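Student: One structure, pasted below without further comment.
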Amino acid sequence: MLKYYEPDKEMRMGGNTNSAKDFGTPVSSTESNALGKKVNLCIDGRFVSVPAGTSIMRAAAINDINIPKLCATDSLEPFGSCRICLVQIQGRRGFSASCTTPVEDGMVVKTQTSAVAKLRRNIMELYISDHPLDCLTCAANGDCQLQDTAGEVGLREVRFGYEGANHLTVEKDKSNSYFTFDASKCIVCSRCVRACEEIQGTFALTIDGRGFDSKVTVSQGEDFMGSECVSCGACVQACPTATLMENSVIHNGIPEHKVITTCAYCGVGCAFEAQVKGDQVVRMIPHKAGKANRGHSCVKGRFAFGYSTHKDRITKPMIRNRIDEPWRQVDWDIALEFAASKIKSIQKRFGDNSVGGITSSRCTNEETYLVQKLVRAAFGNNNVDTCARVCHSPTGYGLKTTLGESAGTQTFDSVEKSDVIIVMGANPTDAHPVFASRMKKRLREGAKLIVVDPRRIDLVRSPHVKSEFHLNLLPGTNVALLNAIAHTIVREKLEDKKFIEERCEKDAFLKWKTFIKKEENSPELMSKKIGVSAERIISAARLFAGAKNGAIYYGLGVTEHSQGSTAVMAIANLAMLTGNLGREGVGVNPLRGQNNVQGSCDMGSFPHELPGYRHVSIESVRQSFENFWGVKIQSAPGLRIPNMFDAAVSGNFKGLYCQGEDIAQSDPNIQHVEEALRSLDCLIVQDLFLNETAKFAHVFLPGASFLEKDGTFTNAERRISPVRKVMAPLSGKADWEVTMAFSKALGFEMNYEHPSEIMEEIAELTPTFRGVSYQRLDEEGSIQWPCNENAPSGTPIMHVDEFVRGKGNFAVTKYVGTEEKAGKRFPLLLTTGRVLSQYNVGAQTRRTDNLRWHREDLLEIHPHDADERGISEGDLLEVASRAGLTSLRATITSRVQPGVVYTTFHHPITGANVITTDNSDWATNCPEYKVTAVQVRKVMNKAEWQSRYERFTETQESYLQKV
Ligand code: SF4
Ligand code: SF4
Ligand code: SF4
Ligand code: FES
């Protein structure tokens, strides 16, 4: 076993807290396309050789020659406005801006002549003459490029006074909760404007006016909060002065050290520098070397970390015998002993299989692995499941069946090579924002987009992005649409015959071809059902089939259906049919919701699979774990989450250990879930807060935030990234330590001194993780599995020469309409989704200022449907389905089509899942969140469930206050 592993994880901050080296200009497209062509030149007497297309500034920086810069930074295209980077080039008259001048063979450059120095000082003097001289009290003191550059160019005096016109009294814009815009310090370098355009793709900023009057303007002259700014922070990061500054830095001062870690929100898995002062995180800066995010982030990862020290955190273990009793605060040993004795006594009375566990996609791989190990080894059954059950379990099933591996096929970088992109049932600008920015960049470069969604998501039309087709199908018809597209491609002989012949199973393909050619799959016959005209389906099919590189990105709008697994298989079929697998720019890309949903699946969280997606019934696999763990593992799959609920209601399932998952808010048909939770004799919840599930618990074990532990997360690209401890766990224990102690109390000892030892065990027992270790992660930064002897540095693109299963398997995907149909009683179809500022059930983001962007969940309804019902903006509506009813306020919008309504589920009081039904995917039981037939009407009072919820919450919180 590996000895305790201590990475060199804490780095002192340099003078500039955005501390990675800045080369001034990015690798230019000519440079990257120059196919290794080198250019030789001389800079300050040194002979250097750099790729063709490189700027003089970058060539100098590569060779450690520093040229002062203000408007240039290597995350943005060169702009050439500040002129501070002027150099002299032999044989050329005057001075050249080194950031915008490309190198040439034989060039002789001088960066430090007396003429250059004088010019730079003069330019700097002009800047400083209109800049407040409050450096000592400025929040950016020590972290300001203007200050650094003034020093670099040797500016010692400013000859011009402040008497003339200046900008020193301009009012600050403090509207955004996370950063301040102090225009008096602006040097109009335009870095913020370009960051918003080039990196984020929101185009919220412009430079207005000319000369002395030019200034940065937000949108049409609004403040930041009132504009279309999405608070990604790219402009703040790009600003070389204190003009745009994080409020946390203004209040707490410049951070002292940094720890590289990974965002704990969504499946993009952005790498961050957590910049810290003492034990306080002062700011999160997206890590330039992060391979998933390439130095960008969204409002959640960058700014919404305050929940980790929120006053609602519960940091002491608590127990009680019944849920109508107040909690008793106890020490760890008593709590764990109490939990273990309850579980043991349940098993004695009701049998080994009467208890189970739920792992968390918010926790690390190592923690998830331990929970499934505890269930299998200490509980002695396979009753373990994970929240992926309710999101991407169909991805696992569908991709394994067709391609042989339960994971996406690409890197995020891959989108930069795509020519036609299908986005289906996903809303990347809200749910995967950093990836969306990369995709939008590619679209601005000319790639074509097909959006398949019942609702008009932002990607359909946003600044400088316009989809070629928005196939606004009716909820529940994904499979019909995918089949119609495939039918068109086959009918028009547009398939990639060579790829199919070489890479796919012949018999399966022929069987599928016979099926897909049937009239029942034709756009003409299906268009009415789908709700999209045959012409548009056919044109979209032709566009995709004709793409050099066609990529498909999809989300929960594909999986969370009664035919979720069928739709995933239809997507894989479409990719194989068009030869779009096995290289950059193509692929099947599930956009995973939570930060570690891929990892929690990889780690054996499903009741039928051990780590690495191997069925529990395979004796050799079971044996390898049995030998290592020293216990017998049951060979039959255990209960899935919905089975656990049903068994609890019928009295056969009595104990549940739920780590970091809020099933009482996130699962469908909440009233059924509540009944199940009330039926349990022992519910053990491990979480940061008294979440909805914890209100039904008998044992509360405090959880640790991602800032308080070591481990790894695996993102939607299969990328395993390090999570590193920034501060000590507030409760004294990281989650993996709690699971270990609980297991010991149950009589099954686990002995790890550090999560690296858990990863060592995972690697030993899981072929796809064989080459993963903390050491390797430190060396590589992150690794995409499979990582083993065949792929020591991981696998960026899967299925390159052959599929994991050998030949690709075309699966027959017959469209079967959901039982959930709009009818007389429930004439509208409800579908659900997320907003940018909130994360999933909102337990974290609701405890930050992100609440300002989304205070309540609203029901989007089309003007026509609203009109018919006499509904006005903001009216309270009752939304009723066959599962239950709730109420929420209306917002009237043509984003949704007539007949379709939409809401989010970030606030528990909304009770969106009170109305979702227990319909589920035929293969995986993934709930059909995306289609619920409802009726909507205006009401005066909130629903009875909501009043009950409020009373119950009040009671439970009062039990907490008595602690
Ligand atoms: S925070 Fe992001 S979206 Fe807002 S102005 Fe800055 S770069 Fe643009
Ligand atoms: S706000 Fe900052 S980045 Fe933007 S123009 Fe002013 S100084 Fe430059
Ligand atoms: S929430 Fe997602 S996109 Fe935003 S910073 Fe975190 S990982 Fe990146
Ligand atoms: S850094 Fe080159 S012109 Fe500004």
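The values are calculated or read from the model by the stated rules, or taken from the named source; none is laboratory data. Quick caveat: nothing in here was measured; it's all calculated off a predicted structure. Cβ placement follows ideal geometry from the backbone for every residue including glycine, while neighbour counts extend to all protein chains displayed.
Student: Could you tell me whether any residue of segment 596-608 is in contact with a strand residue (DSSP E or B) (Cβ under 7 Å, 6 or more places away or on another chain), in contact (Cβ under 8 Å) with a residue 12 or more places away in the chain and at positive phi?
Tutor: yes
Student: Of the residues in segment 948-963, how many are surrounded by 12 or more Cβ atoms within 10 Å (Cβ to Cβ) and either modelled with pLDDT of 90 or more or within 32 Å of the chain's Cα centre (by Cα) (or both)?
Tutor: Number of matching residues: 9.
Student: A further question on this structure: Condition test on V685, is it at pLDDT below 95, within 24 Å of I314 (Cβ to Cβ), out of contact with any Pro (no Cβ under 8 Å at 6 or more places or on another chain) and buried (at least 23 other Cβ atoms within 10 Å of the Cβ)?
Tutor: When the stated conditions are applied, V685 does not pass them.
Student: Oh, and also: Out of the residues in segment 169-190 meeting the condition of being within 29 Å of S837 (Cα to Cα) and among the small types (G, A, S), tell me which one is nearest to ligand 3 (Cβ to nearest atom).
Tutor: Only one residue tops the list, namely S177.
Student: Could you please tell me which pairs satisfy a Cβ distance under 9 Å, a separation of 6+ or placement on different chains, a first residue in segment 411-435 that is part of a loop (DSSP other than H, G, I, E, B), and a second residue that is of a type in the set (D, E, K, R) and within 16 Å of ligand 1 (Cβ to nearest atom)?
Tutor: Partner pairs satisfying both residue conditions: F412/R294; F412/R438; N427/D458.
Student: A further question on this structure: May I ask you to verify whether W945 is aromatic (F, W, Y) and either assigned to a loop (DSSP other than H, G, I, E, B) or crowded, with 23+ Cβ neighbours inside 10 Å (or both)?
Tutor: Taking the combined requirement at face value, the residue does not satisfy it.
Student: Would you call S49 over 28 Å from H296 (Cβ atoms), under 44 Å from the mean Cα position of the chain (by Cα) and either among the acidic types (D, E) or more than 16 Å from ligand 4 (Cβ to nearest atom) (or both)?
Tutor: yes
Student: Hey, another quick one. Select from segment 921-934 the residues that are under 15 Å from T832 (Cα atoms) and not hydrophobic (A, V, I, L, M, F, W, C) and write down the one among them that is surrounded by the fewest Cβ atoms within 10 Å (Cβ to Cβ).
Tutor: E928
Student: Does I762 qualify as being in contact (Cβ under 8 Å) with a residue 24 or more places away in the chain and in contact with a Pro (Cβ under 7 Å, 6 or more places away or on another chain)?
Tutor: yes
Student: On to the next question. Any idea which of (1) at pLDDT 90 or above; (2) in a loop (DSSP other than H, G, I, E, B); (3) not charged (D, E, K, R) is the one S887 doesn't satisfy?
Tutor: Condition not satisfied by S887: (2).
Student: Looking at G36, G53, G94, G106, can you tell me which residue is at positive phi, away from ligand 2 (no atom under 16 Å from the Cβ) and at pLDDT 95 or above?
Tutor: That would be G106, the only listed residue that is at positive phi, away from ligand 2 (no atom under 16 Å from the Cβ) and at pLDDT 95 or above.
Student: For L146, work out the one condition from (1) touching a residue at least 24 places away in the same chain (Cβ under 8 Å); (2) under 39 Å from the mean Cα position of the chain (by Cα); (3) assigned to a loop (DSSP other than H, G, I, E, B) it doesn't fulfil.
Tutor: (3)
Student: Looking only at residues in segment 895-918 that are of a type in the set (S, T, N, Q) and either under 27 Å from the mean Cα position of the chain (by Cα) or at pLDDT below 85 (or both), which one is nearest to Q665 (Cα to Cα)?
Tutor: N913
Student: Run I128 past the list (1) aliphatic (A, V, I, L, M); (2) within 27 Å of S49 (Cβ to Cβ); (3) within 16 Å of ligand 4 (Cβ to nearest atom) and report the number of the one that doesn't hold.
Tutor: The number of the failed condition is (2).
Student: If I filter segment 747-759 down to residues being surrounded by fewer than 22 Cβ atoms within 10 Å (Cβ to Cβ) and not aromatic (F, W, Y), which single residue comes out as farthest from S705 (Cα to Cα)? Spell out how you get there, then give the answer.
Tutor: So the first thing to find is which residues in segment 747-759 are surrounded by fewer than 22 Cβ atoms within 10 Å (Cβ to Cβ), and the list is 747-754, 757.
From what is left, the residues that are not aromatic (F, W, Y) are 747, 749-751, 753-754, 757.
On the way: G747: 27, E749: 25, M750: 22, N751: 22, E753: 19, H754: 17, E757: 20 Å.
Restricting to residues being surrounded by fewer than 22 Cβ atoms within 10 Å (Cβ to Cβ) and not aromatic (F, W, Y), the top hit is G747.
Student: Taking the stated definitions as given, is I797 β-branched (V, I, T) and touching a helix residue (DSSP H, G or I) at 6+ places or on another chain (Cβ under 6 Å)?
Tutor: Spelling it out, it is not the case that I797 is β-branched (V, I, T) and touching a helix residue (DSSP H, G or I) at 6+ places or on another chain (Cβ under 6 Å).
Student: Just checking, which of L482, L473, L403 is of a type in the set (A, V, I, L, M), more than 18 Å from L591 (Cβ to Cβ) and away from ligand 1 (no atom under 16 Å from the Cβ)?
Tutor: L473
Student: Continuing with the same structure: Give the residues of segment 797-820 that are surrounded by 19 or more Cβ atoms within 10 Å (Cβ to Cβ) and in contact with a strand residue (DSSP E or B) (Cβ under 7 Å, 6 or more places away or on another chain), sorted by residue number.
Tutor: Correct list: G808, F810, E820.
Student: Cβ-Cβ distance below 6 Å, separation of 6 or more or different chains: which pairs start in segment 225-242 with a residue that is under 16 Å from L146 (Cβ atoms) and among the hydrophobic types (A, V, I, L, M, F, W, C) and end on one that is in a loop (DSSP other than H, G, I, E, B) and more than 16 Å from ligand 4 (Cβ to nearest atom)?
Tutor: A242/C138; A242/A139; A242/A140
Student: OK, next. Restricting the first residue to segment 872-901 and requiring it to be on the phi > 0 side of the Ramachandran plot, which pairs with a second residue that is surrounded by fewer than 19 Cβ atoms within 10 Å (Cβ to Cβ) and in a strand (DSSP E or B) meet a Cβ separation below 7 Å and a spacing of at least six or different chains?
Tutor: G874/R889
Student: Taking segment 283-308 as the region of interest, how many residues are over 19 Å from A436 (Cα atoms) and either free of Cβ contacts under 8 Å to residues at least 12 places away in the same chain or in contact with a His (Cβ under 9 Å, 6 or more places away or on another chain) (or both)?
Tutor: Qualifying residue count, segment 283-308: 0.
Student: Follow-up question, since we're still on this one. Given the options K300, K311, name the one that is buried (at least 19 other Cβ atoms within 10 Å of the Cβ) and either under 12 Å from the mean Cα position of the chain (by Cα) or more than 9 Å from ligand 3 (Cβ to nearest atom) (or both).
Tutor: K300
Yes/no matrix, rows are residues, columns are (1) part of a helix (DSSP H, G or I); (2) closer than 26 Å to N483 by Cα; (3) at pLDDT 95 or above:
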position: I538; (1), (2), (3): yes, yes, yes
position: A541; (1), (2), (3): yes, yes, yes
position: V568; (1), (2), (3): yes, yes, yes
position: G585; (1), (2), (3): no, yes, yes
position: S600; (1), (2), (3): yes, no, no
position: S617; (1), (2), (3): no, no, yes
position: K632; (1), (2), (3): no, no, yes
